[in-house]
1. Taking segment B:56-86, which residues are more than 14 Å from every other protein chain (Cβ to nearest Cβ) and among the small types (Gly, Ala, Ser)?
2. Determine the pairs where a residue that is more than 15 Å from A:SER28 (Cβ to Cβ), located within segment A:48-59, has a partner that is of a type in the set (Gly, Ala, Ser) and at pLDDT 95 or above with Cβ atoms under 9 Å apart, the partner being 6 or more residues away or on another chain.
3. Restricting to segment A:27-45, count the residues that are among the hydroxyl-bearing types (Ser, Thr, Tyr), closer than 17 Å to A:LYS100 by Cα and touching a Pro at 6+ places or on another chain (Cβ under 9 Å).
4. Scan segment B:43-55 for residues that are closer than 16 Å to A:GLY104 by Cα and assigned to a loop (DSSP other than H, G, I, E, B) and report the count.
5. Please verify whether segment B:99-108 includes one or more residues that are more than 7 Å from chain A (Cβ to nearest Cβ) and at pLDDT 95 or above.
6. Looking at segment B:80-115, which of the residues that are among the hydroxyl-bearing types (Ser, Thr, Tyr) and over 23 Å from B:THR16 (Cα atoms) is surrounded by the fewest Cβ atoms within 10 Å (Cβ to Cβ)?
7. Let me spell it out: the conditions are (1) assigned to a strand (DSSP E or B); (2) surrounded by fewer than 20 Cβ atoms within 10 Å (Cβ to Cβ), and B:THR16 meets all of them except one. Which number is the exception?
8. Suppose we filter segment A:60-72 for residues that are closer than 14 Å to A:SER28 by Cα and among the β-branched types (Val, Ile, Thr); how many remain?
Amino acid sequence: DAKTTQPTSMDCAEGRAANLPCNHSTISGNEYVYWYRQIHSQGPQYIIHGLKNNETNEMASLIITEDRKSSTLILPHATLRDTAVYYCIVRVAGSSNTGKLIFGQGTTLQVKP
Amino acid sequence: DTEVTQTPKHLVMGMTNKKSLKCEQHMGHRAMYWYKQKAKKPPELMFVYSYEKLSINESVPSRFSPECPNSSLLNLHLHALQPEDSALYLCASSPRFGQGAYEQYFGPGTRLTVT
């Protein structure tokens, strides 16, 4: 699975959009980009995933560049409850190792009032 | 019901004790996972079960023994643990393992302290 690079930490003002970048320059054509977050002392929570196209759900939007070497997770109106560690993960779908999530260090997002 | 439950929430055990962690899901998922998370570190995969059979063991020491008695239940049996095994143990499930882009649903974890 491709390796990801994320900033260690970011701040965001409450009510503003939080844009979390992820670099995955070695991603292969059959690798998906997944985002999870982990609020302090809780289990990780799935946010969104995508392959090539931009994706949106009730939690966030995922923007993947055309060359797929980087992506951005957007929380449109951050709240204090969005303070968490955000993990960007790329993984293969369709191989014998499918389903393995290899977590990197993630980005600690601090939403401030 | 999109919930994965784990019991107990907290566990303190001595190095000679035998204890078990329990995980349960009722989403009809056929893949279940154990992860270990040390403080301020990301989760690390330990085991994967697919259709109640062990698919992946990430070279975990034998003092950790997983068991999947049925499609809804996953246990982790602990014996002769070391203090460095103290961590948050997370269970997760997904519809399948091996095909498709399935998301994993995580439980809240069991905070284990080995004294």
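1. Answer for segment B:56-86, where residues must be more than 14 Å from every other protein chain (Cβ to nearest Cβ) and among the small types (Gly, Ala, Ser): B:SER62, B:SER65, B:SER71, B:SER72, B:ALA80, B:SER86.
2. A:ILE48/A:ALA60; A:ILE48/A:SER61; A:ASN54/A:SER61; A:GLU55/A:SER61
3. 1
4. Summing the residues that are closer than 16 Å to A:GLY104 by Cα and assigned to a loop (DSSP other than H, G, I, E, B) in segment B:43-55 gives 1.
5. For segment B:99-108, residues more than 7 Å from chain A (Cβ to nearest Cβ) and at pLDDT 95 or above: absent.
6. The selected residue is B:TYR102.
7. (1)
8. 2
The values are calculated or read from the model by the stated rules, or taken from the named source; none is laboratory data. It should be emphasised that the depicted structure is a prediction, and the values quoted were computed from it without experimental measurement. Cβ sites come from the backbone with ideal geometry, for glycine too, and all protein chains shown count toward neighbours.
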